[in-house]
1. Does the stretch 60-113 hold any residues that are acidic (D, E) and either under 23 Å from the mean Cα position of the chain (by Cα) or not in a loop (DSSP other than H, G, I, E, B) (or both), and which are they?
2. Within the stretch 64-81, is there a residue that is touching a strand residue (DSSP E or B) at 6+ places or on another chain (Cβ under 9 Å) and on the phi < 0 side of the Ramachandran plot?
3. Criterion first (among the hydroxyl-bearing types (S, T, Y), free of Cβ contacts under 8 Å to residues at least 40 places away in the same chain, in contact with a helix residue (DSSP H, G or I) (Cβ under 6 Å, 6 or more places away or on another chain) and more than 25 Å from K8 (Cα to Cα)) does T67 satisfy it?
4. Pick from the stretch 1-57 the residues that are out of contact with any strand residue (DSSP E or B) (no Cβ under 8 Å at 6 or more places or on another chain) and of a type in the set (S, T, N, Q): which of them is farthest from L80 (Cα to Cα)?
5. Do we have any residue at all in the stretch 94-109 that's modelled with pLDDT of 85 or more and over 24 Å from D19 (Cβ atoms)?
6. Checking N112 against (1) modelled with pLDDT of 85 or more; (2) farther than 16 Å from D19 by Cα; (3) of a type in the set (S, T, N, Q); (4) surrounded by 10 or more Cβ atoms within 10 Å (Cβ to Cβ), only one condition comes out false. Which one?
7. Give the stretch 1-38 a look and list any residue that's over 20 Å from I60 (Cβ atoms), modelled with pLDDT of 90 or more and among the small types (G, A, S), or say none.
8. Hey, among the residues in the stretch 14-57 that are in a loop (DSSP other than H, G, I, E, B) and among the aliphatic types (A, V, I, L, M), which one's surrounded by the most Cβ atoms within 10 Å (Cβ to Cβ)?
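The values are calculated or read from the model by the stated rules, or taken from the named source; none is laboratory data. The model shown is predicted, which means the values in this text are computed figures rather than measured ones. Cβ: placed from backbone, ideal geometry, glycine included. Neighbour counts: every protein chain shown.
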Amino acid sequence: MSFLVKLKIKMQCTKIGADEFGNEYFQNKDLKRFVIYKGIAEPSKIPAQWHGWMHYTTDIAPVEINTHRYPWQKSHLPNLTGTKNSYAPKGHMAQGGKRDQVSSDYQSWNPNN
C-alpha cells in the first residue's frame, strides 16, 4: 500500500482499533472498512474476530466486546504456504523425499514374474 493511500485512509477515516499483530482497522463516513497491515499486506494475517467485522458479518468491532479466549484455543497464524515455516510431512521433497513403505503402496506389474 502506497504512502499516499495510507495517508488518505488515516486522514479521512475513523480508526476503529488494532489487533494483536499491529494491523490497524478504519471506517469512513460511507461505512466502508479498511485495514492497514503491519508489514507485508497478507489478508490471512487478519484474526477471526476482525475478519467478521471487515466482511460486515457483525457491526460490532472486537474492541467493543469482550472476546473471551478459551485455554484450548490456539493463537491466530497467517497462511504459511510458500514460506520456510510451511508444513512439510515426512516424505516431502523438503524433508528429503523419502518416506516409510506402507502396505497400500503400489506394486508395479512385472512381466517376468
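1. Here is the first cut: in the stretch 60-113, the ones acidic (D, E) are 64, 100, 105.
Within the stretch 60-113, E64 is the sole residue that qualifies.
2. yes
3. Spelling it out, T67 is indeed among the hydroxyl-bearing types (S, T, Y), free of Cβ contacts under 8 Å to residues at least 40 places away in the same chain, in contact with a helix residue (DSSP H, G or I) (Cβ under 6 Å, 6 or more places away or on another chain) and more than 25 Å from K8 (Cα to Cα).
4. Ranking the qualifying residues of the stretch 1-57, first place goes to Q12.
5. First, pick out the residues of the stretch 94-109 that are modelled with pLDDT of 85 or more: 109.
Checking the rest, the ones that are also over 24 Å from D19 (Cβ atoms) come to 109.
Among the residues of the stretch 94-109, at least one is modelled with pLDDT of 85 or more and over 24 Å from D19 (Cβ atoms), which makes the answer yes.
6. Single failed check for N112: (4).
7. G22
8. As a first pass, look at the stretch 14-57 and keep what is in a loop (DSSP other than H, G, I, E, B): 19-23, 28-32, 37-42, 46-47, 55-57.
Applying the additional criterion that residues be among the aliphatic types (A, V, I, L, M) yields 31, 40-41, 46.
Details: L31: 8, I40: 7, A41: 11, I46: 21.
Looking at residues that are in a loop (DSSP other than H, G, I, E, B) and among the aliphatic types (A, V, I, L, M), I get I46.
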